[in-house]
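**Student:** The structure follows.
Each reported figure results from applying straightforward, stated rules to the coordinates on display, with no laboratory input. In this text, all values refer to a predicted model and were calculated from it rather than measured experimentally. Because the Cβ atoms are built from the backbone with ideal geometry, glycine has one as well, and the counts that use them run over all protein chains shown.
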Amino acid sequence: MFECLGNTVLIQDREITHPDATVLLRRAEEEMLLLYPDEPASPLDPKARFVVAYVLGQPVGCGALVPIGDVTSEIKRMYVLPEHRRTGVARRILAGLIRRAGDGRFQTVILETGTKQKAAIALYEGFGFERTEPYGEYVDNPYSVCYARKL
């Protein structure tokens, strides 16, 4: 299943093992290691439902939804290649994930980002996410900023 968002961005559902998702996830982990060298990468959840954004056929970003119980879903692994940032790709990925969460009858979407990722914080707040208490593995992590949004 896929959808075309805008004139040049295509958002496609992908398996976690798809080569395009793998390349983007590896790039994301490399960048996170540079930003947060003391923080280990969290493992991929096998229940994650990935999307990959394409521009002119090239994979440029990704994100995933992970169900957390019956009514909550978590957005994970949002990433856009640096050369495609500030072009609307992240907004389109996020909008697609929020739409998928609503289609899955989830009532709330949660997510975590890092304190050094100011653009991500602005993106999430611009989409109506509100700061919430840290949850799960992010409790007591000084680099974590957690958000929630009712659908």
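**Student:** Quick one: net charge of residue 144's neighbours, Cβ under 12 Å, K/R +1, D/E -1?
**Tutor:** So the environment of residue 144 carries a net charge of -3.
**Student:** Compute the FRET efficiency between residue 132 and residue 70 as 1/(1 + (r/R0)^6), taking r as their Cβ-Cβ distance and R0 = 25 Å, and round to the nearest 0.05.
**Tutor:** 0.85
**Student:** A further question follows. How long are the semi-axes of the equivalent ellipsoid of segment 1-95, taking √(5λ) for every eigenvalue λ of the Cα gyration tensor, in whole Å from largest down?
**Tutor:** Result for segment 1-95: semi-axes of 20, 18, 12 Å.
**Student:** What list do you get for 146, 62 if you sort them by fewest beta carbons within 10 Å?
**Tutor:** Ascending Cβ contact count within 10 Å gives the list 146, 62.
**Student:** Okay, moving on. Compute the FRET efficiency between residue 56 and residue 140 as 1/(1 + (r/R0)^6), taking r as their Cβ-Cβ distance and R0 = 35 Å, and round to the nearest 0.05.
**Tutor:** 0.20
**Student:** If you don't mind, there's one more thing I want to ask. Working out 0.36 nm times the residue gap between residue 23 and residue 105, then minus their Cα-Cα distance, what length gain in nm do you get to one decimal?
**Tutor:** Full extension of this stretch gives 26.5 nm more.
**Student:** Now for a different question. Report, in debye and to the nearest 20, how large the dipole of the chain comes out about its Cα centre when Lys and Arg carry +1 and Asp and Glu carry -1 on their Cβ.
**Tutor:** Around 560 debye, computed over the chain.
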